[in-house]
Amino acid sequence: MEYATFLESKAPRVETHGFDCDDVHPMLYPFQADIVRWAVSLGRAAIFADCGMGKTLMQLEWARHFAGRVLIVAPIAVGQQTIAEAVKLGLTVRRALEPTDCDGSGIWITNYERLHKFVGVPFDGIVLDESSILKSVDGKTRTMLLREFTAIPHRLCCTATPAPNDIAELANHAEFLGVMARPEMLATFFVHDENNAARGGWRLKGWAADAMYRWMAQWSVFVRKPSDLGYSDSAFTLPELHVRDEVVVCEWKPEGMLFAASIGGIGERGKVRRETMAARVERAESIIRDNPGQWLVWCGLNDEGRNLAKALGSECVLVEGQDDEATKIAREQSWRSGEVRTLISKPSIFGFGLNWQHCSRMLFLGLGDSYEQYYQAIRRCWRFGQTQPVDVRIVISDAEGSIAANVKSKETEAHRMADAVVGAMHDSQLESVRGIRMCQEYEVKEERGDDWRMMLGDCVERIAEVPDASVGLSVFSPPFASLYTYSASDRDMGNSKDYDEFFLHFGYLLPELLRVTIPGRRCCVHVQQVSTMKATHGVIGWLDFRADTVKAMVAAGWVYDGEVVVDKDPQAQAIRTKSKALMFVQKDRDASWLRPAMADYILLFRHPGDSADPVKPGADVSNEDWILWARPVWYGIRETETLQAAEARDDKDEKHVCPLQLGTIERCVRLWSNPGDTVLSPFAGIGSEGYVALRHGRRFVGIELKPGYWKVATRNLRMARAQGDLFAD
């Protein structure tokens with residue numbers, strides 16, 4: 001295929017399972033209509049839209065487009081609300097308590113607690129409403145969804161509070177939608193990090209962020225307001241939110257201590273909450289009685305709700321987890337209609353999905369550590385469509401200040417993360433959802449000296465500027481198929497999802513290398529073997545990168561006629577790589593895992609044409625030098641003898657820049673090129689090959705994709721002539 005087409009194919013792509021649609025209900029806002037059209041065309045998508053952005057209308061309109069039976073799975077309390085919202089679109093949604101209720105085509109709704117009953121029912125589409133709760137439900141339900149419901153052809157996930165930095169949640173969404181399996185997602189965008197236990201031992205690669213968000217934008221849309229998709233926010237302006245701590249002084253202190261200290265673990269926090277309950281309930285009753293209007297009260301303990309309900313009497317309703325579904329719905333309806341003034345419940349029961357803009361007064365009778373529950377609970381009332389300022393009171397004891405501080409700290413972090421994610425996905429979302437083509441940054445520059453030329457750009461494209469048969473020797477180290485290690489560009493050969501893709505990309509360069517090389521002259525390719533990891537490859541071992549490089553070069557027309565093994569220090573390698581195969585402790589534990597240090601190889605290839613310009617190193621390579629260099633193993637190469645790479649390192653780089661040792665380059669240049677020859681490196685990095693070539697009277701042409709490395713390379717080439725002979729005895 002054409003190279004440009006190949007580059008487009010490298011980016012992770014999401015397969016579509018839907019169809020184009022234009023008949024979106026006119027009552028939807030333009031941004032909602034765009035999202036529905038996009039989700040229908042995909043057939044499998046996620047709508048991560050903030051509270052009040054109309055997810056219910058969007059999921060209903062999505063479901064309408066898929067003929068047959070569509071099942072909506074939602075929290076218990078949300079079902080009746082969804083049925084009522086459907087009427088606005090002229091749709092009928094029916095509640096399904098048992099599979100026999102789904103007696104034909106149409107849209108049906110059930111709750112997560114009943115989902116197991118619908119395993120094997122042939123639905124044409126499924127919607128997971130409030131899909132973020134999947135990370136907090138039991139593993140059995142999550143496993144059931146991924147195993148039993150992913151055969152349904154059309155799938156939609158909807159939630160207001162996805163956690164982009166929660167790897168498990170992201171993986172669950174991607175796997176449920178059939179976008180990418182968890183192992184592939186981890187191998188593509190993450191790196192195993194034992195120091196990051198909070199993220200399951202994984203962290204996002206520095207250079208993978210942009211690529212991951214571009215990938216996410218193909219199957220998910222993340223919006224907090226219409227302007228995130230380029231529309232006006234005029235109809236989506238939130239009223240003021242006033243959050244006030246109501247601190248009850250209880251003088252509680254741990255048993256055996258003179259003064260209150262910071263609260264410890266879950267057990268001690270629960271004890272504080274129980275022992276300060278009476279005072280907090282009294283304060284809550286006082287606040288509600290002194291402030292007219294409807295109130296919503298969130299409690300964490302059953303006894304909190306029961307005691308407050310007893311104090312308020314007939315002007316309130318209490319909804320508990322043990323209540324049956326009909327009771328929960330009836331009591332919520334009595335409060336929503338204004339029959340009673342106060343509703344008391346838990347965020348785990350009513351905290352997700354409900355639209356309660358009719359109420360603007362809320363009280364937390366104590367506080368837990370979950371920011372998501374806190375945020376979702378507030379957004380039941382403080383959401384788009386609310387016309388009054390929302391008053392939130394948090395009734396806590398003076399011993400629970402650390403809990404409130406913890407939630408507020410999480411709130412700050414959540415806002416920061418949401419801003420970062422929306423910003424990162426902005427351009428990709430405009431392109432994916434609205435079809436607005438956004439330009440990808442790609443720099444092309446060039447610097448020249450008397451004997452050198454340093455090009456910034458893609459080596460496959462820029463090598464076309466090098467004349468035929470003009471290069472006397474090529475020396476380079478190709479990227480070793482390691483995703484998002486040094487850049488996020490699809491032009492980076494290292495950014496290949498697997499071994500085969502790397503060699504496909506590498507294959508575009510190799511014929512061009514042959515074209516620019518003088519017939520009969522050499523190309524020296526520096527390689528190492530590539531390690532595999534248990535976490536991403538399923539086994540600890542090696543891939544034979546050396547042999548596969550030879551195959552690729554030969555397939556491109558090069559003659560393979562030799563190689564050199566470069567000796568390596570095993571202790572230095574053990575310290576640098578932490579490989580257990582080189583550790584003393586592994587020798588004493590199980591020596592079957594031990595292996596020698598990983599060597600470097602210089603693979604030697606020759607242009608098959610007849611040489612009209614033989615290499616005659618003469619005094620540059622003495623017979624004594626040749627006796628040493630003719631050995632199959634090169635000794636005496638100092639591993640630390642490299643150009644300074646620290647200034648080229650980027651904060652996002654996953655590995656230190658590892659320039660090729662100057663001694664290795666020197667032997668190649670002196671042995672296989674003539675003074676005055678042009679030496680080429682298509683992966684020039686910080687310019688090591690050029691530095692050595694210039695110091696030994698050769699010319700140099702280099703190509704480098706990464707701007708930071710290119711800048712350092714140009715400085716190194718400029719100073720190559722200004723220094724004394726680096727290799728003088």
Problem set entry | All positions within region 357-377 that are at pLDDT 95 or above and either crowded, with 23+ Cβ neighbours inside 10 Å or of a type in the set (A, V, I, L, M, F, W, C) (or both) | CYS359, MET362, LEU363, PHE364
Exercise. Within region 601-638, which residues are under 24 Å from ARG546 (Cα atoms), part of a loop (DSSP other than H, G, I, E, B) and among the hydrophobic types (A, V, I, L, M, F, W, C)?
Worked result: ALA630, ILE637
Seminar exercise, completed: Restricted to region 220-236 and to residues being of a type in the set (Ser, Thr, Tyr) and touching a Phe, Trp or Tyr at 6+ places or on another chain (Cβ under 7 Å), the residue surrounded by the fewest Cβ atoms within 10 Å (Cβ to Cβ) is TYR231
Exercise. If you check PHE364 against the conditions, is it assigned to a strand (DSSP E or B) and outside the structural domain of MET53 (by TED's automatic domain parsing)?
Worked result: yes
For this session: Take region 527-564 and flag every residue that is at pLDDT below 95 and in contact with a Pro (Cβ under 6 Å, 6 or more places away or on another chain).
Result: none
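Just checking, does region 602-613 include any residue being among the aromatic types (Phe, Trp, Tyr) and farther than 18 Å from LEU473 by Cβ?
no
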For this session: Residue by residue through region 564-598, note down the ones that are touching a residue at least 60 places away in the same chain (Cβ under 8 Å) and either part of a loop (DSSP other than H, G, I, E, B) or closer than 14 Å to GLN528 by Cα (or both).
Result: VAL564, VAL565, VAL566, ASP567, LYS568, ASP569, MET598
Problem set entry | Residue count for region 1-32, restricted to those that are of a type in the set (A, V, I, L, M, F, W, C) and without any contact (Cβ under 8 Å) to a residue 12 or more places away in the chain | 2
Problem set entry | Candidates ALA326, ALA311 - the one that is surrounded by fewer than 17 Cβ atoms within 10 Å (Cβ to Cβ) and modelled with pLDDT under 95 | ALA326
For this session: Of the conditions (1) of a type outside the set (Gly, Ala, Ser); (2) out of contact with any Asp or Glu (no Cβ under 7 Å at 6 or more places or on another chain); (3) surrounded by fewer than 21 Cβ atoms within 10 Å (Cβ to Cβ), VAL340 clears all except one; give me its number.
Result: (2)
Problem set entry | Evaluation of ALA574 against (1) under 28 Å from TRP202 (Cβ atoms); (2) in contact with a strand residue (DSSP E or B) (Cβ under 7 Å, 6 or more places away or on another chain); (3) of a type in the set (A, V, I, L, M) (one fails), failing number | (2)
Problem set entry | Matching residues, region 19-45, being out of contact with any helix residue (DSSP H, G or I) (no Cβ under 6 Å at 6 or more places or on another chain) and of a type in the set (Asp, Glu) | ASP22, ASP23
Exercise. Do you know which residues across region 506-529 are of a type outside the set (A, V, I, L, M), outside any strand (DSSP E or B) and within 25 Å of GLY609 (Cα to Cα)?
Worked result: PHE506, GLY507, TYR508, PRO511, GLU512, ARG515
For this session: Would you mind stating whether MET58 is in contact with a Cys (Cβ under 9 Å, 6 or more places away or on another chain) and surrounded by 23 or more Cβ atoms within 10 Å (Cβ to Cβ)?
Result: yes
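Counting only residues that are of a type in the set (A, V, I, L, M) and either in a helix (DSSP H, G or I) or without any contact (Cβ under 8 Å) to a residue 40 or more places away in the chain (or both), which one in region 666-692 is farthest from PRO614 (Cα to Cα)?
Filtering first and then ranking leaves VAL692.
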Problem set entry | Residue within region 198-205 that is surrounded by fewer than 16 Cβ atoms within 10 Å (Cβ to Cβ), out of contact with any helix residue (DSSP H, G or I) (no Cβ under 9 Å at 6 or more places or on another chain) and in contact (Cβ under 8 Å) with a residue 24 or more places away in the chain present | no
For this session: Tell me, please, whether a residue that is over 29 Å from the mean Cα position of the chain (by Cα), under 20 Å from PRO26 (Cα atoms) and charged (D, E, K, R) can be found in region 73-93.
Result: yes
Exercise. Wholly within region 430-496, which strands (runs of 3 or more DSSP E) include no fewer than the required count, namely at least 1 residues that are buried (at least 22 other Cβ atoms within 10 Å of the Cβ) and more than 20 Å from the chain's Cα centre (by Cα)?
Worked result: 452-456, 471-476
Exercise. For region 400-429, how many residues meet the condition of being among the acidic types (Asp, Glu) and either touching a Gly at 6+ places or on another chain (Cβ under 9 Å) or over 18 Å from GLU372 (Cβ atoms) (or both)?
Worked result: 2
Exercise. What tally of residues in region 394-405 results from selecting those that are surrounded by fewer than 16 Cβ atoms within 10 Å (Cβ to Cβ) and either polar (S, T, N, Q) or free of Cβ contacts under 8 Å to residues at least 40 places away in the same chain (or both)?
Worked result: 2
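The values are calculated or read from the model by the stated rules, or taken from the named source; none is laboratory data. Worth saying up front: this structure is predicted, and the values here are computed from it rather than measured. When we count neighbours, we look across all protein chains shown, and the Cβ atoms used for this are built from the backbone with ideal geometry, even at glycine.
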